[in-house]
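Here the structure is laid out as structure tokens; the discussion comes afterwards.
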Amino acid sequence: MTIDTLTAGALARNLVGGDVTDANLRRYLEGIPGIDAVGLEQRAASLGTRSIKTTSKAWALDRIIQLIDLTTLEGADTPGKVRSLVAKAMVPDASDPTTPRVAAVCVYGDMVGDAVTALGASHGDPDHGGISVAAVATAFPSGRASLAVKLADTADAVSAGADEIDMVIDRGAFLSGRYGLVYDQIVAVKEACRRADGSFAHLKVILETGELNTYDNVRRASWLSILAGGDFIKTSTGKVAPAATLPVTLSMLEVVRDWHRLTGQKIGVKPAGGIRSSKDAIKYLVTVAETVGEEWLTPHLFRFGASSLLNDVLLQRQKLTTGHYSGADYVTID
Amino acid sequence: MSHLAVQKTYKLYIGGAFPRSESGYTTEVLSASGTFLANAAKASRKDARDAVVAARSAVSKWSGATAYNRGQVLYRIAEVLEGRRAQFVAEIVASENVSAAAAGTQVDEAIDRWVWYAGWCDKYTQVSGNANPVAGPYFNISVPEPTGVVAVVAPQDSSLLGFVSALAPALVSGNTVVILASERFPLSAISFAEVLATSDVPGGVVNILTGSARDVAPWLASHADVNALDLVGANALDWISLEIAAADTLKRVLPPESGSDAAAPALARIQAFTETKTVWHTKSLI
Amino acid sequence: MTFLEYAPAPESTGLLNLKDSYGLFIDGEFVEARGESFATISPATEKTIALISTASDEDVDAAVAAARRAYDSTWSRLSGRDRGKYLFRIARLVQERARELAVAESLDNGKPIKESRDFDIPTVAAWFFYYAGWADKLDHAGLGANPSSLGVAAQVIPWNFPLMMLAWKVAPALAAGNTVVLKPAETTSLTALLFAEILQQADLPAGVVNIVTGAGATGRTLVNHPDVNKVAFTGSTAVGREIARSLAGTSKKITLELGGKAANIVFDDAPIDQAIEGIVNGIFFNQGQVCCAGSRLLVQENIHDEVVARLKERLSTLRVGDPLDKNTDVGAINSAAQLARVTELTAAGEAEGAVRWSPSCDLPSEGFWFAPTIFTNVQASHRIARDEIFGPVLSVLSFRTPAEAIAKANNTPYGLSAGIWSDKGSRVLAVADKLRAGVVWANTFNKFDPASPFGGYKESGYGREGGRPGLAAYLKPAPLGSSAAAPATPAAPATPAVTAPRSTSARKKAAK
């Protein structure tokens, strides 16, 4: 499933037409058609007007839960907080055992061990009913550290049992045109995701779209991250506003669609930050389904990075089950 | 020692050249007292057709010129006309049987109209156009553009002033013109063609036909490659039929006017031969 | 069932309170017509919605007479400020009853509820708001001080945007001080009649707006009525031509919004995903029943295949069906007659050698339906590249250079609209300059706004709707000799007359 570094490198050299240098990358990335922001935003808004009712809504709510990376990324995080998060991940709604589990918990690197312990036997691949542990790494959220530190950060998390690494790209390097540097760092982090047995932790590449600012930049950074071997492209750290937006996510999904058309590879997308309501999350499901196809609505190809979203979905779910509106006291805080 | 006058052959003006009518026909132009002044070419439908072809082929260059440039070209017409004032006065006196002073006033007025319209070339767009505050992230602007080829029936009771008053406004925005001169007083129109030929007006921008408006106007009114029809001088014609013919291709039509104020100078005459084009473009920082 | 087959999400019709039959709206009241009634049906189901009246010649007479009386006795004497207030009231009432109007429109016209709800009706309200504000500012309409209204306006509107076309016509007419007799299209009278109720709620003086329903004969009687001063028509070029002919020699001022065959030009540097959306919006918006639809796609040859492939993929996600379902993208064709025309022209396209493609979609068995269709291998000489189809049918042609694109785009007797898709600003502006079309959309398509003039070149008609020109179309300069009159006004165009400083008339005026 994970895209290995050798294949990715060969593909990248093939596509950019030579070594993966700043110049070659610039020529390649800047040759990609631009984005008209007004049209993109209108398309996203129009997808957002889809009316998802009854059976479709029930399916959507369950699927949203299954796609959530339940996240805590605070300086104040403690083992206790992580245990609480994991408990919520495993049993989102104690009043309804049919409630599915989330895909993963997402924590800082030093909390990975606590998360793994707390998950116990539930730790595993979400495509097979388990819950993964995702760790943010590479001097998250700013990414302002030496490569050595970033690699050590990554390797630490992997060795502690992280299944997924959410890295940040060097936005400074990207904005100043040093595409080669960004590329090389992603490749190096990917390499640091390699476990002792030769397998890889999944690599999610955070673009921090709020700092890239323009949709053209988001599109180029998406291509760059995929060229470098990222398994997922992720919008945001959640620490910078704006975080995930529907148009940004749509533009990334379009890259993933085009990449699939070009190479046959399926890359995942993770909007993160700012998605708090079921209504918003459903708009993302619609956008995924109508842009890349609904086969993307599985944990290894689409995730929501969120914390408060889960409880809103549970409230909506209770409403569908019971027929009346629920209240905040009927869902648990983690 | 006396000088035997060299008389002028009054021909048509099409595509910057002075052809005779392809039909070979001419009509006698008489003075008010009935004396023979000249033979004028009697334009045929084929001459009208050639004139439209010439006018169409000149649209791109004339409408594509900068407004500043068109203004200078129209002003140049006034300059050249001023230089040949005496010739026009003499022709008007002979044709219309008016005093030299009255003829002089007519020529002066014609000159001034060129000056007035010349000044409009780079202004009418600003006065007629708009920036439109639409409710969305769009740059949105409306600008008037020339309609294309304008066929004009010039006022029939004036040698020069009526002709100029009908011709000049159509040229301002960049239209090209096929104009039927006054049937009774065609001499000034053809002399005016010499003014055009010696100023900087590109060939084909103005095409002048003399002869019978009754015979030729229907061919222009029904011509599919004519975009607009100015019937200002068509009072005596069956102008309603002309308007009906023009409706076949939805030409823009100006109705006849009468009296000495016909085709009086007005911004509206410029605007009548323009089309408003509205352009939208998306606008975004990101 | 897959997620993409979204569960039905029908808009409720509960708030509709329709009568079984409707009379004519004359002099502020609903009155019985002298002509036969006919059924207005839902094109999606062919079920009768209500009975609509046919206005006879006498009925049209009565309506014009009512409009004349209202003009003479009330409306032309009212201050601009008060006229404006009535228009503001109407705008608000339209907003308040927006959902009801949207449902009625989708029911009667067949268009998707998301379009009637999110586009048609909001645009109606916007149009009244915009022109409401003009009513007391007519001195700035561009015709000099104290311009005057024309009198009674006869307005004949089409079935593609029934209430929106009404707003485009009625709002500027009333703002300028005219009274109106309006005839909606035969197949889509419903919202005009609901609008009449709104006029009653707004307490608009009787006779200021009169609505006569019926077919072409009623419209013909109306536009040719001798006591009408202004004719505004939106519809086919054939009927527009007939109107222009029949009004030749009269002093009636005319606005004609007619057909189109817009080129939508896609350059190889276009923002491709937005261009695809723009192409789809350009031709499938309102089932392509739009006079300015981007029905001729001109694609730069080097990206032709990619654009077509992306377009086909995108079309496969279009949802065709129940107009009242909130997720419907493409609704029903408005009438059996229109469906027959679309069917006939597409058959001609195939016969001429163009390659036809539609996504697989299940069309309902009742009603008038046509699957979104793309023709490739279309040549400029094909009928589907020249005739207005007025349906969800796109003809794809290619070009190699900007000059060729412009030449092909302009190679039509129409000149209503055009689209340009390119990331290169200088080229966009230069191409926009050279297109012979009244509306040019660059990197967008099918956008409308009351502040933005809309109308065509060549056989797409004359006059503009929207913006200041749309207001001026219902005004004439102050009469000569009046204290505020602009001097030396030529007879025809109601545009500002400005006098040359040394003209004879200026001298005369100066001598007064």
**Report entry** Total charge dipole magnitude, the protein assembly as shown, about the Cα centre, Cβ charges on Lys, Arg, Asp, Glu only, Debye to nearest 20
**Finding:** 2380 debye
Report task. Calculate the length of the line joining the C-alpha centroid of the range C:80-155 to that of the range A:72-147, in whole Å. Result -> 56 Å
Query raised in the report: Taking R0 as 30 Å, what's the FRET efficiency between residue A:149 and residue A:214 from their Cβ-Cβ distance, rounded to 0.05?
Result: 0.55
Query raised in the report: Averaged over peptide C:276-282, how many Cβ atoms belonging to another chain are found within 10 Å of each residue's Cβ?
Result: 3
Query raised in the report: Does anyone have the angle between helix B:213-222 and the longest principal axis of chain B? Alpha-carbon axes, 0 to 90°, nearest 10?
Result: 20 degrees
Report summary line: If unit charges are put on Cβ atoms (+1 for Lys and Arg, -1 for Asp and Glu) and the dipole of chain C is taken about its Cα centre, the option from C:397, C:307, C:43 lying farthest towards the positive end turns out to be C:397
**Report entry** Proxy reagent accessibility, fewest Cβ within 10 Å first, across C:361, A:106, B:121, C:292
**Finding:** C:361, B:121, C:292, A:106
Query - Quarter of the Cα convex hull surface for the range C:107-153, i.e. its orientation-mean projected area (nm²) - result: 4.9 nm²
**Report entry** Mean-position separation - Cα centroids, the range A:260-319 and the range A:1-60, in angstrom
**Finding:** 15 Å
Requested in this report: Please work out the C-alpha center-to-center distance from the range B:79-127 to the range C:333-363 and express it in whole Å.
Outcome: 60 Å
Requested in this report: Arrange the peptides B:168-174, C:185-191, C:445-451, C:246-252 so that the one whose residues have, on average, the most other Cβ atoms within 10 Å appears first.
Outcome: B:168-174, C:185-191, C:445-451, C:246-252
Report task. Please give, to one decimal in nm, the separation of the simple spin-label points placed at residue A:76 and residue C:301, each 7 Å out from Cα toward the Cβ. Result -> 6.7 nm
Query raised in the report: Which FRET efficiency value, to the nearest 0.05, do you get for residue B:32 and residue C:72 by plugging their Cβ-Cβ distance into 1/(1 + (r/R0)^6) with R0 = 60 Å?
Result: 0.80
**Report entry** the range C:263-449 - Rg over Rh from alpha carbon coordinates, Kirkwood radius
**Finding:** 0.95
Report task. Please list, or write none, the aspartates and glutamates whose alpha carbon is within less than 16 Å of the alpha carbon of residue B:61, excluding same-chain residues fewer than 8 places away. Result -> B:145, B:200, C:433
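For the range C:400-469, go through all pairs of different Cα atoms, get the mean of 1/r, take its inverse, and jot down that Kirkwood value in Å.
Result for the range C:400-469, one decimal place: 12.6 Å.
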Query - Long-range Cα-Cα pairs in chain A (distance over 32 Å), rounded percent - result: 25 percent
Query raised in the report: Which lysines does residue C:252 reach when only Cα atoms under 29 Å apart count, and residues fewer than 8 places away in its own chain are ignored?
Result: B:251, B:277, C:85, C:137, C:169, C:183, C:230, C:261, C:458, C:476, C:509
**Report entry** Highest to lowest packing among C:425-438, B:122-135, scored as the average C-beta count within 10 Å
**Finding:** C:425-438, B:122-135
Query - In Å, descending, principal axis extents of the Cα set of the range C:1-159 - result: 66, 39, 23
Report summary line: Bounding extents of the protein assembly as shown in its principal axis frame from Cα atoms, largest first in Å, are 124, 75, 60
Requested in this report: Of the listed pairs A:88/A:270; A:53/A:319; A:239/A:270; B:123/C:424, which have alpha-carbon separations greater than 18 Å here?
Outcome: A:88/A:270; B:123/C:424
Report task. Could you list which residues have their amide H under 5 Å from that of residue A:168, counting only those 5 or more apart in sequence or on another chain, with H placed in the peptide plane? Result -> A:137, A:206
Query raised in the report: Placing +1 at every Lys and Arg Cβ and -1 at every Asp and Glu Cβ, with all other atoms neutral, what dipole size does chain B have around its Cα centre, in debye to the nearest 20?
Result: 660 debye
Query raised in the report: Does anything in the range A:54-98 have its amide N under 13 Å from the 7 Å Cα→Cβ label point of residue A:117, and if so which residues?
Result: A:78-84
Requested in this report: Apply the Debye scattering formula to the range C:12-58, with a single equal point scatterer on each alpha-carbon and no solvent, then give log10 I(q)/I(0) at q = 0.14, 0.19, 0.20, 0.29 Å⁻¹.
Outcome: -0.42, -0.69, -0.74, -1.08
Report summary line: Rounded to a whole number, the mean other protein chain Cβ count within 10 angstrom for residues of B:140-147 is 4
**Report entry** GNM flexibility winner over chain B from B:208, B:179, B:240 (Cα, springs under 10 Å)
**Finding:** B:240
Query raised in the report: Computed from the mean reciprocal separation of all distinct C-alpha pairs, what Kirkwood hydrodynamic radius does chain B have, in Å?
Result: 19.3 Å
Query raised in the report: Helix A:5-16 sits at what angle to the longest principal axis of chain A, using alpha carbons and giving 0 to 90 degrees rounded to 10?
Result: 60 degrees
**Report entry** Crossing angle, helix A:147-159 versus chain A [Cα axis fit, 0-90 degrees, rounded to tens]
**Finding:** 40 degrees
Requested in this report: Would you list the P(r) distribution for the range C:21-257, with all Cα-Cα distances sorted into 10 Å bins from 0 and each bin expressed as a whole %?
Outcome: 8, 35, 39, 16, 2, 0
Report task. Output ³J(HN,Hα) for the range B:100-112: one whole-Hz value per residue in order, computed from phi by the Karplus curve 6.51 cos²θ - 1.76 cosθ + 1.60 with θ = phi - 60°, and x for Gly and Pro. Result -> 4, 5, 5, 5, x, 4, 4, 5, 4, 5, 4, 4, 5
Query raised in the report: How many nm separate the modelled label positions at residue B:20 and residue B:49, each set 7 Å beyond the Cα in the direction of the Cβ?
Result: 2.0 nm
Query raised in the report: Taking only the alpha carbons of chain C, what extent do you get along each of the three principal axes, in Å, biggest first?
Result: 74, 60, 36
Query raised in the report: If the convex hull of the alpha-carbon atoms of the range C:127-231 is projected onto planes in all directions, what is the mean projected area in square nanometres?
Result: 6.7 nm²
**Report entry** Volume of the Cα convex hull of the range B:1-156, divided per residue and given in Å³
**Finding:** 173 Å³
Query raised in the report: For the range A:243-257, what does the Karplus curve 6.51 cos²θ - 1.76 cosθ + 1.60, with θ = phi - 60°, yield as ³J(HN,Hα) per residue in whole Hz, taken in order and with x for Gly and Pro?
Result: 8, 5, 10, 5, x, 4, 5, 4, 5, 6, 5, 5, 5, 4, 4
Report task. Work out the mean other chain Cβ neighbour count within 10 Å for the residues of A:39-49 and drop it here as an integer. Result -> 5
Requested in this report: Please give the FRET efficiency for residue A:19 paired with residue A:110, using the beta carbon to beta carbon distance and R0 = 35 Å, rounded to the nearest 0.05.
Outcome: 0.40
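Each reported figure results from applying straightforward, stated rules to the coordinates on display, with no laboratory input. Source: prediction; values computed, not measured. Heads up, the Cβs are rebuilt from the backbone with ideal geometry, glycines too, and the neighbour counts pull from every protein chain shown.
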